[in-house]
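The values are calculated or read from the model by the stated rules, or taken from the named source; none is laboratory data. Just so you know, these numbers come straight off a predicted model, no measurement behind them. Cβ placement follows ideal geometry from the backbone for every residue including glycine, while neighbour counts extend to all protein chains displayed. Just the protein is used for accessible areas: all its heavy atoms, side chains included, with ligands, DNA and RNA removed. Shrake-Rupley method; radii C 1.70, N 1.55, O 1.52, S 1.80 Å.
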Amino acid sequence: GTFVMKNLDTGDFVVLELSSDVGSAALSSLYPNKAEWELLKQGTRGVLEKLAAEKTLSFRSYQLCIWQERYVFADDSALCYQHLDGAAQPFGTPKCISYSSIEFVGPFDETQFVLKCEKRAYTFLCDSTEERTRWIKNIAALSGCSSSTEICLKSKTMGN
């Protein structure tokens with residue numbers, strides 16, 4: 001079979017020919033340079049705010065959103081996040097969003113980005129536009145999903 005990755009910002013794409021025995025290989029096994037893959041994972045870790053999925057309250061036209069501080073990191077097959085203790089150290093079992101379930105990653109606004117997955121969307125808040133763009137590019141490279149670094153209608157409607 002053939003595996004195609006396309007960068008929606010530049011239009012560049014990479015085509016990989018796969019043998020039929022590959023099955024559900026992780027993208028890490030397809031990445032041409034293991035050192036680059038490890039650097040990409042190392043650059044995809046840090047403390048972000050995650051929008052709580054079921055903790056929003058609505059009153060008329062207002063909505064109260066609850067943001068939860070999480071340690072977010074990339075491993076070979078998923079983007080993971082953990083609770084932080086009082087000393088801002090990660091603890092507990094990580095929750096993981098498998099790369100294969102990520103359909104799209106893009107900005108919601110200047111500092112937020114949204115991961116659109118098979119069953120739900122995840123919204124994360126960064127400190128700056130530059131940090132948001134770095135997370136989007138890294139997640140897209142790790143997962144092979146479609147992405148955009150420009151705010152568009154698709155990413156604006158996914159976080160709701």
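Once the stretch 88-109 is narrowed to residues that are open to solvent by 80 Å² or more (accessible area, probe 1.4 Å) and more than 14 Å from Tyr71 (Cα to Cα), the residue that is farthest from the chain's Cα centre (by Cα) is Ser100.
Figure legend. Inter-residue proximity from the stretch 60-76: first residues farther than 26 Å from Cys96 by Cα, second residues assigned to a loop (DSSP other than H, G, I, E, B) and open to solvent by less than 70 Å² (accessible area, probe 1.4 Å), beta-carbon distance below 8 Å, spacing 6+ or different chains. Indicated pairs: Gln63/Thr56. Tell me which strands (runs of 3 or more DSSP E) are completely within the stretch 47-96 and hold 3 or more residues being not aliphatic (A, V, I, L, M), or say none if there are none. Per the criteria, 67-74, 78-84.
Among the residues making up the stretch 125-142, those that are open to solvent by less than 40 Å² (accessible area, probe 1.4 Å) and not aromatic (Phe, Trp, Tyr) are Cys126, Ser128, Glu131, Arg132, Thr133, Ile136, Asn138, Ile139, Ala140, Ala141, Leu142.
For Gln63, the stated conditions do not hold, so it cannot be described as within 17 Å of Ala52 (Cβ to Cβ), open to solvent by 20 Å² or more (accessible area, probe 1.4 Å) and touching a Pro at 6+ places or on another chain (Cβ under 7 Å).
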